[in-house]
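Working notes, beginning with the structure itself.
Laboratory data are not the source of any read-out in this text; all were calculated from the coordinates shown. Not measured: the values here are computed from a predicted model. So basically every Cβ, Gly included, is an ideal-geometry build from the backbone, and we count neighbours across all protein chains shown.
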Amino acid sequence: MRKIPQQLIPLAVLFIVLLGVLVVARQLFVPKTFGDLGHYRATAVDEVAAQPAAYAGYRVCLDCHDDIYQRKQLSSHAGLACETCHGAAAAHATGESDQLPTVPRGRDHCQLCHGYNSARPTGFPQILSNMHNPGEACVKCHDSHSPRMAKGNGECSACHQMIANQKAVSSHMSLDCTDCHTVPIDHATQPRVVQALKPNSEETCGKCHARGSSAGAEVARIDMAEHGGRYLCWECHYPHLPEAKL
Amino acid sequence: MNIAMALQSFFTELPSVTGYMYPNEYELHWSVLIVVYPYLTGLVAGAFILASLERVFNVKALQPVYRLSLLTALSFLLIAPLPLLAHLGHPERALEMFLTPHTASAMAMFGFVYAWYLMVVLLLEIWFDYRQHIVRWAKEKKGALKWFYSLLTLGSTDLSEKALAFDNKAGKIITIIGIPSAFLLHGYVGFIFGSVKANPWWSSVLMPIVFLFSAIVSGIALMLLVYMVSSMLRWKTINMPCVNKLAEFLFYAILVDFSLELLDFIQRLYESEESIHILSQMISSRLFISLIISQIILGTIVPLVGLGLARFGRMPDEMRRMIYLMAALLVQVGIFATRWNVVIGGQLFSKSLRGLTTYKLEMFGIEGLMTAIILMVMPFIILFVMTKLLPPWSEGEKDIPVPPKPHATQVGQEA
């Protein structure tokens with residue numbers, strides 16, 4: 001019988017030891033039910049199933065908040081479940097907790113979907129947070145259960161898209177074009193012949209910005225008699241984006 | 001709000017995306033670390049295949065780099081999985097692929113390919129090749145080194161002629177096994193990319209072959225570099241027949257590799273699937289520097305011309321060595337660019353074929369440039385230590401002749 005070369009013996013021992021370590025490690029570390037159902041630990045399924053449910057599902061919300069649900073279903077948010085915005089509400093639904101579901105009133109939550117991202121489909125409503133009414137809560141202008149653009153200027157933006165884009169991210173976004181411009185009805189069909197009129201006095205701006213106007217408290221007020229002298233407002237301020245410094 | 005600030009924030013928030021990207025393609029998931037990984041495994045496979053030329057195919061001119069190639073392959077192999085582990089973020093889970101092997105997952109099976117290559121091919125071959133020296137060093141050295149070498153002998157101290165003949169035979173058999181293993185190791189990396197059917201930049205049956213040949217190119221170029229630099233650092237003369245042979249193999253390997261890549265390119269153009277427009281757009285914009293400049297011009301054509309002139313033209317050895325060194329460096333740049341173009345390029349265009357995104361390489365952080373550099377430097381540190389413990393240098397190397405010192409008075413006169 002041929003003698004086994006000496007160097008093969010320690011090598012064989014080494015490989016057998018390594019294999020042994022692998023077998024022992026498998027015995028010690030591989031869970032008993034691993035592979036019963038697939039390439040995972042079968043008992044993990046029971047463990048996951050035994051976890052308490054944090055989310056109730058939208059059908060539970062329907063029992064008490066049917067009116068809101070119906071309104072939402074007619075809007076572009078129809079596909080969103082209640083708990084997408086209001087958080088897990090199982091404890092609220094079962095009465096286990098007195099704590100009401102959260103209501104996102106800040107600006108961050110809506111931006112998860114509506115913050116500008118070039119990867120989003122064209123036409124999907126998106127904003128740049130620091131340019132779109134900075135500091136204002138989304139719900140101040142938008143109803144999240146029936147969301148739409150705060151005010152539509154669809155007819156004008158068909159031709160004046162650039163101005164509409166600027167105005168849409170300005171503090172004047174809630175104004176209609178016709179609040180400042182006089183637009184004859186034929187302007188839409190013969191825009192070059194029948195032109196829309198620009199305001200020719202300071203009174204147009206003064207409707208909101210004069211002292212004593214009925215506009216909201218956040219609107220800047222000035223003394224119309226003193227401010228600007230002989231200049232008209234739009235000679236210094238750009239009305240479609242008043243935030244811009246000219 | 002200041003309009004300048006608003007515009008600035010608008011542009012910083014707006015990423016460099018042109019056209020349309022799906023939301024999950026907007027940022028790249030496979031970073032520079034996934035570029036480093038095939039680059040390192042390619043060097044391993046290439047260095048080993050080079051070693052096999054001497055051992056199996058009896059190319060005697062390559063004898064001075066044979067052992068150095070094996071040690072280089074081992075040094076790079078030890079680091080090769082680290083980029084993957086750093087990228088995945090749970091290194092401890094890597095071992096689970098051995099405990100619960102998933103035969104349907106190519107990535108999980110790679111663990112076994114890696115283990116086979118490390119344990120059965122490289123370590124065994126190095127052990128058989130060095131055994132007689134290890135036994136001798138275990139007897140000659142003192143202190144901790146004596147213990148180290150004694151441990152490495154694994155108790156096998158037989159240095160009889162028969163035992164040495166067996167070592168030699170075993171080494172040869174392992175090298176023969178090692179060649180398909182090296183092909184498998186790096187072919188696998190190409191296979192992983194080539195089998196992603198949804199990605200037209202990757203999905204190609206030529207991918208494993210192209211990867212393999214580029215691995216051979218990078219491995220030979222690396223050995224040319226390591227051998228020349230290590231000889232210079234040790235103040236030893238460079239064995240010209242050896243570097244000439246390396247340069248010759250490198251020249252042929254680049255030629256084959258370039259032809260294969262060109263073939264792949266021409267076939268894609270001819271096939272002209274719906275993806276061709278976005279891919280052309282990507283090549284001419286996002287990948288222009290890394291593909292056209294770095295990979296094709298600097299990494300392929302310039303070294304090819306340089307090597308051709310230096311190897312087959314007439315010029316002094318000094319000049320020849322200089323060109324070899326430059327060509328080998330450029331090849332490394334080219335092969336790294338190849339890996340970059342495959343990994344990063346495959347993620348830059350949208351699967352909608354309608355848009356391109358941009359990869360922003362971060363400086364620090366686990367997926368950053370610094371990590372990549374550290375991972376690419378580490379094999380050289382390991383190699384340095386290994387060459388100290390297991391010197392791969394052939395006997396009879398000559399010192400570089402030192403020019404005689406000028407006479408003191410002459411120095412004074414010159415000054």
- prompt: What aspartates and glutamates sit close enough to A:LYS72 to cross-link, taking a C-alpha to C-alpha distance under 18 Å and skipping anything fewer than 8 places away on the same chain?
  reply: A:ASP63, A:GLU83, A:ASP143
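Considering just Cα atoms, how many Å³ per residue does the convex hull of the range B:158-271 enclose? Walk me through the numbers before you get to the answer.
Numbers: hull volume 16.9 nm³, N = 114.
Taking the convex hull of the Cα positions in the range B:158-271, it is 148 Å³ per residue.
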- prompt: Rounded, prolate or oblate: which one fits the range A:93-235, using the alpha carbon gyration tensor with axes a ≥ b ≥ c (rounded when a/c is under 1.5, else prolate when a/b beats b/c, else oblate)?
  reply: oblate
- request: Could you pull out every one of the lysines with an alpha carbon less than 20 Å from that of B:LYS351, ignoring same-chain neighbours closer than 8 positions?
  value: B:LYS197, B:LYS360
query: Can you pull the percent of Cα pairs in the range A:152-246 with separation above 21 Å?
result: 37 percent
- prompt: Which FRET efficiency, nearest 0.05, do B:LYS146 and B:GLU274 yield, Cβ-Cβ r, R0 60 Å?
  reply: 0.35
query: Helix-derived [θ] at 222 nm for the protein assembly as shown: sum -39500 (n - 2.57) over DSSP H runs of at least 4, divide by residue count, nearest 500?
result: -17000 deg cm²/dmol
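Go ahead and run the numbers for FRET between B:GLU96 and A:SER157, Cβ-Cβ distance against an R0 of 56 Å, rounding to 0.05.
On the way: r = 57 Å, r/R0 = 1.02.
E between B:GLU96 and A:SER157, to the nearest 0.05, is 0.45.
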- request: For A:TYR40 and A:GLN190, compute 0.36 nm times the residue count separating them, minus their Cα-Cα distance, and round to one decimal in nm.
  value: 46.9 nm
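If the chain between A:GLN73 and A:VAL183 were fully stretched, how many nm would it gain, using 0.36 nm times the residue separation less the Cα-Cα distance? Intermediate values should be presented prior to the final figure.
Details: separation 110, 0.36 × 110 = 39.60 nm, distance 3.62 nm.
Additional length available on full extension: 36.0 nm.
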task: Could you name the aspartates and glutamates whose alpha carbon sits less than 18 Å from that of A:LYS198, not counting residues in the same chain fewer than 8 places away?
output: A:GLU155, A:ASP176, A:ASP179, A:ASP186, A:GLU235
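Computed FRET efficiency, Cβ-Cβ of B:MET370 and A:ALA50, R0 41 Å: what is it to the nearest 0.05?
Numbers: r = 45 Å, r/R0 = 1.10.
After rounding, the FRET efficiency stands at 0.35.
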query: For peptide B:163-170, how many partner chain Cβ atoms fall within 10 Å of a residue's Cβ, on average?
result: 2
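Dividing the Cα convex hull volume of the range A:1-123 by residue count, how many Å³ per residue is that? Mind showing how you got there, number by number?
Working: hull volume 36.5 nm³, N = 123.
Once divided by residue count, the hull of the range A:1-123 is 297 Å³.
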query: If you stretched the chain out fully between B:PHE57 and B:SER394, how much longer would it get, using 0.36 nm times the residue separation minus the C-alpha to C-alpha distance?
result: 119.4 nm
- line: Quick P(r) readout (the range B:63-155; Cα-Cα; 10 Å bins; whole %) gives 14, 33, 29, 19, 4, 0
- request: Kindly provide the pair-distance distribution of the protein assembly as shown built from C-alpha pairs, with 10 Å bins from 0 and whole-percent values in order of increasing distance.
  value: 2, 11, 16, 17, 15, 12, 10, 8, 5, 3, 1, 0, 0
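To the nearest whole number, what is the average tally of beta carbon atoms from other chains within 10 Å of the beta carbons of peptide A:5-12?
Values: counts 10, 8, 14, 3, 3, 4, 6, 0.
Averaged over the peptide's residues, the number is 6.
Taking 22 Å as the cut-off for C-alpha to C-alpha distance, list the pairs among B:LYS60/B:LYS172; B:LYS142/B:LYS162; B:LYS146/B:LYS398; B:LYS245/B:LYS388; B:LYS162/B:LYS245; B:LYS236/B:LYS405 that go past it. Don't skip to the answer; put the middle values down first.
Numbers: B:LYS60/B:LYS172 14 Å; B:LYS142/B:LYS162 28 Å; B:LYS146/B:LYS398 28 Å; B:LYS245/B:LYS388 26 Å; B:LYS162/B:LYS245 33 Å; B:LYS236/B:LYS405 19 Å.
Listed pairs above 22 Å: B:LYS142/B:LYS162; B:LYS146/B:LYS398; B:LYS245/B:LYS388; B:LYS162/B:LYS245.
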query: Principal axis lengths of chain A from Cα atoms, whole Å, largest first?
result: 117, 55, 40
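In Å, what Kirkwood hydrodynamic radius results for the range B:21-393 from the alpha-carbon pair distances?
Evaluated over the range B:21-393, this radius sits at 21.9 Å.
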- prompt: How much net charge surrounds B:GLY171 when only the other residues with a Cβ under 12 Å from the Cβ of B:GLY171 are counted, with Lys and Arg +1 and Asp and Glu -1?
  reply: +1
query: Taking a point 7 angstrom from the Cα of A:ALA25 along the C-beta vector, which residues in the range B:121-140 have backbone N less than 20 Å away?
result: B:121-124
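Work out which helices of chain B, taken as complete DSSP H runs, extend at least 18 Å along their axis over the Cα atoms and score a mean Kyte-Doolittle of -0.5 or more, then list them. If you can, show how the numbers build up before the last one.
Values: long enough: B:32-55 (35 Å, 1.60); B:63-79 (25 Å, 1.35); B:124-140 (23 Å, -0.68); B:161-194 (48 Å, 0.86); B:207-233 (38 Å, 2.21); B:240-271 (46 Å, 0.79); B:317-343 (39 Å, 0.75); B:369-389 (31 Å, 2.37).
In chain B, the long hydrophobic H runs are B:32-55, B:63-79, B:161-194, B:207-233, B:240-271, B:317-343, B:369-389.
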